[in-house]
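The structure under discussion appears below in the form of structure tokens.
The values are calculated or read from the model by the stated rules, or taken from the named source; none is laboratory data. No experiment lies behind these values; they were computed from the predicted model shown. Cβ: placed from backbone, ideal geometry, glycine included. Neighbour counts: every protein chain shown. All accessible areas refer to the heavy atoms of the entire protein, side chains included, with ligands and DNA or RNA removed. Shrake-Rupley method; radii C 1.70, N 1.55, O 1.52, S 1.80 Å.
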Amino acid sequence: MNKHKTIRFFTISIILLLQITLLMLMIRKHFAYDTFIALFSALFVTIAVLLGYKYLDLHHDAYGYEDFSVAIWVPIGAIVCHLLYVSTDLGAVLSASLVGVLASFFPNLYKESAYLKKLPSPIYCGVFVGMSSVVIAPSIYFVMVAGMLSGLLFMLSKNIFLGIGGKLGTVAFGGVVITSLIYWLACML
């Protein structure tokens, strides 16, 4: 039971840290010339996010993890979307839309399959990774690693943030940010 609590704490901490970091960067950019408003906004947003985590019922009490056979579709969705994005004139949004719409039909291929019913969400999570700008995700290898890390976060966050919008995007953002950090550290060495 302690192992599950540790994994849940780690997953929530990573996602919380990523959310606060993103919000801080947006506030910093928006209020670049007014430091007081930026600091006040950052403090307000951080307190609101922390109170939300503490007092809202965002999680199941049961510890559950998504199957690897389902989470493997996150990097697949990322790669397919990225390849469409960089090799056609569709652009990121249309490539993501096309892959997402195609993924939504997977459960209809065999209506009795419980497995196929689980696939649209991880594929669409991967789509958010795959539609990253080529400035951020410069190669297919970057997208594969970000997709795999997002798949890992997807597996670990099965019973976390239920009913809250933006979970798939947050998971994808986490994979891209962690991969960017690894890429940046590798370039520094």
Taking a probe of 1.4 Å, how large is the accessible area per residue of the chain, in Å²?
61
Selection from Leu181, Leu43, Leu23 lying farthest towards where the dipole of the chain points positive, charges on Cβ
Leu43
What is the spread of the Cα atoms of segment 67-166 along each of their three principal axes, largest first, in whole Å?
38, 27, 24
Hey, which lysines would be in cross-link range of Lys111, C-alpha to C-alpha under 27 Å, not counting anything within fewer than 8 residues on its own chain?
Lys158, Lys167
Give me the distance in nm between label points sitting 7 Å out from Cα along the Cα-to-Cβ direction at Ser104 and Asp67, one decimal.
2.5
Any helix of the chain counts here only if DSSP assigns it H throughout, its Cα atoms span 27 Å or more along the axis, and its mean Kyte-Doolittle hydropathy is at least 1.0, and such helices are 35-55, 167-188
Distance in nm between label sites at Ser139 and Ser13, each 7 Å beyond Cα in the beta-carbon direction?
3.2
20 Å cut-off, amide nitrogen to a point 7 angstrom out along Glu112 Cα→Cβ, residues in segment 62-106:
106
Report which label in [x] 10.2; [y] 13.3; [z] 11.5 holds the value of mean projected area of the Cα convex hull in nm² derived from the coordinates of this structure.
[y]
Value at 222 nm in deg cm²/dmol, rounded to 500, when DSSP H runs of n ≥ 4 in the chain each add -39,500 (n - 2.57):
-24500 deg cm²/dmol
